[in-house]
Amino acid sequence: MKPSRRPVLRLLGAALFSLGLDLGLAHHASAQSTPESIKARGTIVIGNGAAFPPFEFVENGQLVGFDIDLGNEIARRMGVKAQWEKTDFSGLIASLTSRRVDVLITAMTKTPQRAERMAFSTSYYNSGIAAAARPGVNVASAADLAGKIVAVQGGSSGERFVKDEYGSVVKQIKVFNEFPLAFADVETGRADVVVNTLPVLKYNASRRGGKLLVSPAFDTREVGINTRLEDTALLQEINRLLDELRRDGFLDRLDRKWFQ
């Protein structure tokens, strides 16, 4: 007598049915928009460079700064908690595109190259590229970078500006993982000038004894929050919240707290 195939078929059918349920659940999860996923788990994961005062820096073991206050408030108004992930500035875009974080709130200035890889919110801070140097080192305009040793933070808009516009005429470009190290290199005389965004240079110059003098801005830059290109629903939500924060004075209060 041949063995019955019915038990085997029943087991196979049950396995296929279970697999179908699993695939259906997976499809449902993947079909959720990013804002829905964030609210479902109750946490928004925010990428941050952690070394760009006053926007972000570590003080007494805690991550603090303009961007930290901003991100925490955005999370609060979304009804979730903020989970901060610190990454070297040069690796921040990769952390977003690889989905290790949901957004970047890290004083990222908008450039055409960056806009090809990720989306930018409406600007929450207007800035510009500038330089800081010791007294006696003339940097009244960007053209004065020629022949000088320039310190920059790796991955920053300052680094891109110097390399793209003046890389062939400066004496040397020294790249540091953290902005304070680039600033200190000029203070100690190992570099002639440090290039970054104007408000950050002003903040650091004023709080480090005024050893360096800050130039006027060389151009105009917009600072935004970043999402993945495909996360249009999340970008829309962030823009809505930024508009709300602008209208109710929260951004002005942050500016006074961290820059004045």
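Given that compact globular proteins tend to follow 2.2 N^0.38 Å, what is the ratio of the alpha-carbon Rg of the stretch 111-260 to that value? Show your work: numbers first, answer last.
On the way: Rg = 16.8 Å, N = 150, 2.2 N^0.38 = 14.8 Å.
The stretch 111-260 yields a ratio of 1.14.
Compactness of the chain was expressed as the Cα radius of gyration divided by 2.2 N^0.38 Å, which yields 1.32.
Helical runs assigned H by DSSP (4 residues or longer) give the chain a calculated mean residue ellipticity at 222 nm of -13000 deg cm²/dmol, each run adding -39500 (n - 2.57) before division by the residue total. The dipole here belongs to the chain: it is taken about the Cα centre, uses +1 on the Cβ of Lys and Arg and -1 on the Cβ of Asp and Glu, and is about 860 debye.
For the ranges 204-216, 40-52, what's the packing order if you count other beta-carbon atoms within 10 Å of each residue, average per peptide, and put the highest first? Let's see the in-between values first.
Working: 204-216: 15.7, 40-52: 20.2.
Result, highest mean first: 40-52, 204-216.
Would you please report the Å³ per residue occupied by the convex hull of the alpha carbon atoms in the stretch 129-214?
On the way: hull volume 6.4 nm³, N = 86.
Taking the convex hull of the Cα positions in the stretch 129-214, it is 75 Å³ per residue.
GNM on the chain, alpha-carbon springs under 10 angstrom: the most fluctuating residue among 185, 231, 219 is 219.
Please figure out what share of the DSSP beta bridges in the stretch 129-214 is antiparallel and state it in percent, rounded to the nearest 5. Kindly include the intermediate steps, with their values, before the conclusion.
Numbers: 7 of 14 bridges.
Looking only at bridges with both residues in the stretch 129-214, the antiparallel portion is about 50 percent.
When the C-alpha to C-alpha distance is required to be over 27 Å, the pairs from 171/211; 163/257; 148/257; 110/257; 171/202; 110/174 that qualify are 163/257; 148/257.
This model, with +1 at the C-beta of Lys and Arg and -1 at the C-beta of Asp and Glu, gives the stretch 129-214 a dipole about its Cα centre of some 220 debye.
Using the Kirkwood formula over every pair of different C-alpha atoms, what hydrodynamic radius in Å results for the stretch 155-205? Show your work: numbers first, answer last.
Numbers: mean 1/r = 0.0882 Å⁻¹.
So the Kirkwood estimate lands at 11.3 Å.
Applying a DSSP loop filter and a limit of 12 other Cβ atoms within 10 Å to the GluC sites (Glu not before Pro) in the stretch 157-249 leaves 230.
Taken together, the values in this text are just the output of simple stated rules run on the coordinates, not laboratory data. Since we're looking at a predicted model, the values are computed, not measured. Cβ coordinates were reconstructed from backbone atoms using ideal geometry, including for glycine residues, and neighbour counts include every protein chain displayed.
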